[in-house]
Structure formats: C-alpha cells, structure tokens
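The values are calculated or read from the model by the stated rules, or taken from the named source; none is laboratory data. If you're wondering where the values come from, they're calculated on a predicted model, not measured in any experiment. Here Cβ is always computed from backbone atoms with ideal geometry, including for glycine, and neighbour counts include all displayed protein chains. Note: areas computed on protein heavy atoms with side chains; ligands, DNA, RNA excluded. Shrake-Rupley method; radii C 1.70, N 1.55, O 1.52, S 1.80 Å.
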Amino acid sequence: MEIRKVGVAGCGLMGSGIAEVAAKAGFDVVVREIDEGALQAGRARVAKSLDRAVAKGKLDPSARDETLSRFTFTTSLDDLGDRDLVIEAIVESLDAKNELFGYLDGICPEETVFASNTSSLTVTDMAAATSRPDRFVGLHFFNPVPVMKLVEVVRTIVTSQETFDAARAFARRIGKVPVAARDNSGFVVNLLLVPYMLDAIRQLERGVATVEDIDTAMTLGCGYPMGPFTLCDFVGLDTLCQVAEIMYGEYREERYAPPPLLRRLVTMGRYGRKTGAGFYDWTPQGPVPLKV
Ligand code: CAA
Ligand code: NAD
C-alpha cells in the first residue's frame, strides 16, 4: 500500500497545516475547500506559514517554492478521486463528515485510504458509513500542525493491519511521532485535555480569578506553553464547543459538558483567534482579556 498522492479536505486551521507538512515531505497534495473564499483563505494560510519558516531560516526560499508547486487547490470534490490517501479536516460534524466520505467512497478507487482528523467523533461512526471500513483510520494531528510532533493513529476494530501500518508510516514520513490509539471519543490527548480546558472555563464562571490570571497561573505555575484560555482561543471555541457536546454525548460525564459561557461566546460569533475574539480580543496591540 504505497501512498504518493494525498488529498486534504478542509483547509482551515488544521487542514492547511496537514497539507503543508505533507507537501514539505514531498507528497503531491490536492486540497479541497467548499468555496473560492475559503480556498483563498486556506491558500494564504499555507503561504504565510511557509513564509514564516523562510523568515526564521528553517526553510530555503527554493524549498518553499518547491513545496508550493506540489499543491493543487480546488473546490471540486472530484479532484480528490485519484488520491492514495484522503485526510479529512472539515468541521467537527458527523453529518458533514459522512456526507463528504459518502461522496468520496463513490469516486475513489477501492484501495484509497480514508483518514479523519476528528477531535472527538469515533472513526467507527464514519468508517461504518462507507464501503471500506477496513481502509479507514484516524490521523489526529495537533495544532499548530507544523510545530506539534504528535499524531494519534487510530484503528477501529475493523481497520486492517495494512491500513494501520500505511497510516503510521505516513505519519513518520511527514516527520511526526505516531502513537497508536483505540477508537474511543477523544482518543488519548483530548480525553485528558478537553476536561482541563472546560474546567478552566467553569472556574472562570465561579469567579475564581480572571482570564488573564488563570492563564498566567497555569503558564508560570505549571510551565505550560500557553494558559487554558489562550489555548481555547487557539483551538477555536466553535470547535471546542462541538467537541465538548460530542464527548458529553458519548460519556455522559459532566466534565465533558460545554459550560454555558462557552456556548454564549460561540453564539456571539467569538470563535477565538480565527475570528479575532474569544476569551481575548486579539488586537494588533496584543490580546485584551474578556472581563467576566
Ligand atoms: N505555524 C507554524 N509555526 C509556528 C506556528 C504556526 N501557527 N506557531 C508557532 N510556530 C513556530 C514558530 O515559528 C517557532 O519556531 P522556532 O522555535 O523554530 O523559531 C515555534 O513554533 C515557537 O513559536 P513562538 O516562539 O512564536 O511561540 P511560542 O514559543 O509561544 O510557541 C506554540 C507557540 C508552539 C503554539 C506553543 O505556545 C504551544 O506549544 N502551545 C500549546 C499548543 C497545544 O497545546 N496544542 C494542542 C492543541 S489541542 C489539539 O490540537 C487537539 C484537538 O483536537 C483540539
Ligand atoms: P476550521 O473551522 O479552522 O476549518 C474547517 C474548514 O473546513 C473550513 O475552512 C470550512 O470551510 C471547511 N469545510 C467545511 N466543510 C467542508 C467540506 N465538505 N469540504 C471541504 N472543506 C470543508 O476547523 P479546524 O480547527 O481546522 O478543525 C477541522 C477538524 O480538525 C475538526 O474535525 C476538528 O475537530 C479537528 N481538529 C481541530 C484541532 C484544533 O485545534 N482546532 C486540532 C485537532 C483536530
């Protein structure tokens, strides 16, 4: 099972990073977005990240240009029809993901491996809706993808050994460190990380301390690279809220339930850094914390 041609569905925060690391590693990459606007935003995100690597002296300008030459950006799903591996990084919705995979199942050769970057859905719920559950895995990347080394490689009870091995080998070829995870909602990292983020919001609701002070406490007190509210804004509050809903639906444990404040921020369109505001207003002068 040789993977040479990679497709990435969705070019938001995660898809752009996944596409970038795959192209940097030499894969031919087709990226699909839903419309021209989202496609241009995704393309700009990839270019900005590569330019940043050049500015930091981590990538030669010629390597950047070569990497960009391996990309095809498209709004047509049919352009994913000749891929060896398709990685899905669209919104965290089972219906949206199943609609996408349902279409791809009809146009991709039967050898094509399907992978989802889902944070909280089970791979089984997607695999079972296709005619190739044995060739379906989870490839769960971490944000920011060009920096974070981990990929959780997730097998369901019917993922074939060949598919799992191919997915793990792919993760290694793009410079990541794979860990094998069972197909439970949240895999390994989110099972532990999501309750921590939601707990921080609950403590804010209880008035324990301010956004800024909780973030300062966790960075300086624990050596975390960013505090929980900066991390929430970084992940995207819309995504986090969806993830919490899904994990709560799965486990029925309160620690996964989305706190009311998270829901209110999402209702107000404050999705975090990607919309310019969440727990912070991300102004050019620096982040301004929300007063709660
Ligand atoms: N794209 C590419 N490179 C980036 C980047 C981005 N978006 N952001 C930072 N970098 C690079 C920088 O270029 C820099 O590289 P060098 O050290 O080689 O110069 C390096 O990362 C460090 O960046 P900075 O010095 O600018 O900033 P920092 O030291 O504050 O680090 C960070 C930034 C790596 C994001 C760090 O704050 C961090 O690790 N934060 C935690 C991230 C995290 O927990 N991610 C997991 C989220 S949960 C998830 O992904 C799963 C899910 O399903 C929700
Ligand atoms: P995002 O909102 O930044 O990007 C999602 C993109 O998918 C958008 O640009 C949207 O236009 C596009 N899209 C929607 N439907 C599509 C379709 N049918 N075909 C192609 N594109 C489509 O979200 P994100 O943060 O990149 O998250 C994407 C996936 O990755 C989610 O499943 C999320 O749970 C998971 N994930 C997110 C993080 C994170 O930190 N944000 C980390 C790991 C995994």
Candidate set from the stretch 161-214 (those that are open to solvent by less than 40 Å² (accessible area, probe 1.4 Å) and without any contact (Cβ under 8 Å) to a residue 24 or more places away in the chain); member that is nearest to the chain's Cα centre (by Cα): 214
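Going by the conditions given, is residue 223 more than 26 Å from residue 42 (Cα to Cα) and crowded, with 19+ Cβ neighbours inside 10 Å? Walk me through it before giving the result.
On the way: more than 26 Å from residue 42 (Cα to Cα): yes; crowded, with 19+ Cβ neighbours inside 10 Å: no.
Here the answer is no, as residue 223 does not meet what is asked.
Test residue 6 against the stated conditions and say whether it is of a type in the set (A, V, I, L, M, F, W, C) and buried (at least 23 other Cβ atoms within 10 Å of the Cβ). Steps first, answer last, please.
Numbers: of a type in the set (A, V, I, L, M, F, W, C): yes; buried (at least 23 other Cβ atoms within 10 Å of the Cβ): yes.
Yes, satisfied.
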The stretch 111-160, residues that are over 17 Å from the mean Cα position of the chain (by Cα), in contact (Cβ under 8 Å) with a residue 40 or more places away in the chain and surrounded by 18 or more Cβ atoms within 10 Å (Cβ to Cβ): 113, 124
Verdict on residue 230 being under 30 Å from residue 97 (Cα atoms) and β-branched (Val, Ile, Thr): yes
Filter pass, residue 7 being modelled with pLDDT of 95 or more, touching a Leu at 6+ places or on another chain (Cβ under 9 Å), not in a helix (DSSP H, G or I) and not aromatic (Phe, Trp, Tyr): yes
All positions within the stretch 238-275 that are farther than 18 Å from residue 204 by Cα, in contact with a Phe, Trp or Tyr (Cβ under 7 Å, 6 or more places away or on another chain) and either open to solvent by less than 30 Å² (accessible area, probe 1.4 Å) or part of a strand (DSSP E or B) (or both): 247
Scope the stretch 50-80; condition in contact with a strand residue (DSSP E or B) (Cβ under 9 Å, 6 or more places away or on another chain), within 16 Å of ligand 2 (Cβ to nearest atom) and not in a strand (DSSP E or B); matching residues: 75, 76, 77, 79, 80
Answer residue from the stretch 23-49, given it is open to solvent by less than 80 Å² (accessible area, probe 1.4 Å) and in a loop (DSSP other than H, G, I, E, B) and is farthest from ligand 1 (Cβ to nearest atom) among those: 35
